[in-house]
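Q: Structure provided below as structure tokens; questions to follow.
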Amino acid sequence: MKLSSGRHGTAAAVMIAAAAAAFLAGCGSSGSPAATGPSSGPASSPPAAATPKATAAAVPAPAANSCGVITQSQAAAALGQPAKAPVLGKATVEGGVACVFYGPEVPAGTSPDVAMPDSVRVVLVTGANAAKWFDNYRGKVHAQAISGLGEQAYYDGGASVSVLQGNAYVRIAVGIPNNLGVEETLAREALPNM
């Protein structure tokens, strides 16, 4: 394929490189909260008044990723029923990729970009900015500290559990009533895989 030189050729090359990087990133989020999206290298802190945006990654994700943190059978146990194979969606809070397991009643073609009942959403952020994402989200919710889970953990008051362990942050949301107990269980099971 021949790319022309000049401004349009450069833009096309950048778009191709970004698409290739997004493909290679798989289902992990390397954890850069910069407005340019996830990256495994150093990046700026999350904006104080803005929510981080998701865009194509510049570097492939590390070996640990959102879909490698818990298994389909663990998601099924949390839902109390069989879980479908995971699908990839946008991690709107962290600006990366979410791994989503649906229960059997969720219709095929449901958007994995939208949180919904009867599902388990897992987002793993790794790298130097994991703690910044963890703290950024904590500052936006009514966080309730959870002791004895990772280095730090909190329940956001209704939707998910967030855990920080070393340079990794995982957020797990189970779309069922009274979800705190099963989210804590999944988070404990996820810790060795982070």
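Computed from the coordinates by the stated procedures, all read-outs in this text should not be read as laboratory data. On a predicted model such as this, the values are computed, not experimentally measured, just so you know. Please note: Cβ atoms are built from the backbone with ideal geometry, for glycine as well, and neighbour counts cover all protein chains shown.
Q: If you stretched the chain out fully between Ala143 and Gln72, how much longer would it get, using 0.36 nm times the residue separation minus the C-alpha to C-alpha distance?
A: Length difference between fully extended and current span is 22.8 nm.
Q: Taking amide H positions as placed 1.01 Å from N in the peptide plane, with prolines and chain starts having none, which residues 5 or more places from Ile176, or on another chain, fall under 5 Å of its amide H?
A: Asp118
Q: With a ≥ b ≥ c taken as the square roots of the eigenvalues of the C-alpha gyration tensor of segment 56-191, please select rounded if a/c is under 1.5 and otherwise prolate if a/b is larger than b/c or oblate if it is not?
A: Here segment 56-191 falls in the oblate category.
Q: Now for a different question. What is segment 96-163 by shape, rounded, prolate or oblate, if you read a ≥ b ≥ c off the alpha carbon gyration tensor as root eigenvalues and call it rounded for a/c under 1.5, prolate for a/b larger than b/c, and oblate otherwise?
A: Taking the square roots of the gyration eigenvalues as a ≥ b ≥ c, segment 96-163 is prolate.
Q: Of the peptides 152-165, 69-82, 106-119, how do they stack up when ordered by the mean number of other Cβ atoms within 10 Å, highest first?
A: So the order, starting with the most tightly packed, is 152-165, 69-82, 106-119.
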